[in-house]
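Here's the structure, in structure tokens; my notes come after.
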Amino acid sequence: MQYSSALLETLIAELTRLPGLGRKSAQRIAFHLLRSPEADSQRLASAIVELKANVRDCSICGNVTETDPCALCADSRRDATVICVVEQPMDVLALERTGEFHGRYHVLKGALSPVDGIGPDQLRLKELLDRVRGNGVAEVIVATNPTAQGEATALYIARLLQSEPAVKVTRIARGVPMGSDLEFSDQITLARALTGRKEL
């Protein structure tokens, strides 16, 4: 027996597919949208459509952008000799909030996880190697998440870059708690993790 609108149930079902949203949260959002002025719903729908139509990956670093290259890659004030490797674009935002890093980024779009079918070929590791080779890169900071997958990815990158003796490979310090994601870390913890990085 259906107790509410089929359209409302469809929206709730779609919202529960978003990360971190259970059924109760999805219901609250759906009822909020139902009660909101039509213009609010139109703006939200338009923002989603515009996002999907205009945001893409930077061809250099893999971060999300509306322009190619992205603003960070195009900024001549940033240090091109240092590349910070992260798993996801959200990690770039987290590190940028610290104000401590002034180099370039490389977004892998994931971490090694054989159980989930994610191997080296599914990550942007070849692109990283291409960026490092012959481009004057002096240091690669590995800032993958402190999880089993992130640690495995960090070790893989260190081995991958052994063929580039001029490049120092470092890992962010353990200021970030094990098992958490960079996007949930506070600015001070991330800043300390960056300044306290060590060689792999």
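How much length is gained if the chain between Arg17 and Met90 is pulled fully straight, taking 0.36 nm per residue apart and subtracting their Cα-Cα distance, in nm to one decimal?
Length gained between Arg17 and Met90: 24.4 nm.
Per DSSP H run of at least 4 residues, take -39500 (n - 2.57); add these up for the chain, divide by its residues and hand me the 222 nm value, nearest 500 deg cm²/dmol.
Result for the chain: -12500 deg cm²/dmol, rounded to the nearest 500.
Compute the angle between helix 89-98 and the longest alpha-carbon principal axis of the chain, please, reported from 0 to 90 degrees and rounded to the nearest 10.
In the chain, helix 89-98 runs at an angle near 70 degrees to the longest axis.
Put +1 on the Cβ of each Lys and Arg and -1 on the Cβ of each Asp and Glu in the chain; which of Ala111, Ala154, Leu93 then has its Cα farthest toward the positive end of the dipole?
Result: Ala154.
How much length is gained if the chain between Gln187 and Asn135 is pulled fully straight, taking 0.36 nm per residue apart and subtracting their Cα-Cα distance, in nm to one decimal?
Gain on stretching Gln187 to Asn135: 15.7 nm.
Let me know the longest stretch in the chain that avoids all GluC sites (Glu not before Pro) found in a DSSP loop with at most 16 other C-beta atoms within 10 Å.
The reported range is 101-200.
About the Cα centre of the chain, what is the dipole size in debye to 20, counting +1 per Lys and Arg Cβ and -1 per Asp and Glu Cβ, all else neutral?
I would put it at about 320 debye.
Output ³J(HN,Hα) for the stretch 60-74: one whole-Hz value per residue in order, computed from phi by the Karplus curve 6.51 cos²θ - 1.76 cosθ + 1.60 with θ = phi - 60°, and x for Gly and Pro.
Karplus values, whole Hz, x for Gly and Pro: 8, 9, x, 6, 6, 7, 9, 10, 10, x, 5, 4, 5, 6, 7.
Hey, got a sec? Which trypsin sites (Lys or Arg not before Pro) in the stretch 5-47 land in a DSSP loop and have at most 11 other Cβ atoms within 10 Å? Don't skip to the answer; put the middle values down first.
Values: sites: Arg17, Arg23, Lys24, Arg28, Arg35, Arg43; in loops: Arg17.
Loop-located and lightly packed - Arg17.
Taking neighbour counts of Cβ atoms within 10 Å as a proxy for exposure, in what order, fewest first, do Ile60, Ile48, Ile141 appear?
Ordered by Cβ neighbours within 10 Å, fewest first: Ile48, Ile60, Ile141.
Quick one: length gained pulling Ala74 to Lys198 fully straight, 0.36 nm per residue minus the C-alpha distance?
41.9 nm
Each reported figure results from applying straightforward, stated rules to the coordinates on display, with no laboratory input. Source: prediction; values computed, not measured. FYI the Cβ positions are ideal-geometry reconstructions off the backbone, even for glycines, and counts take in every protein chain you see.
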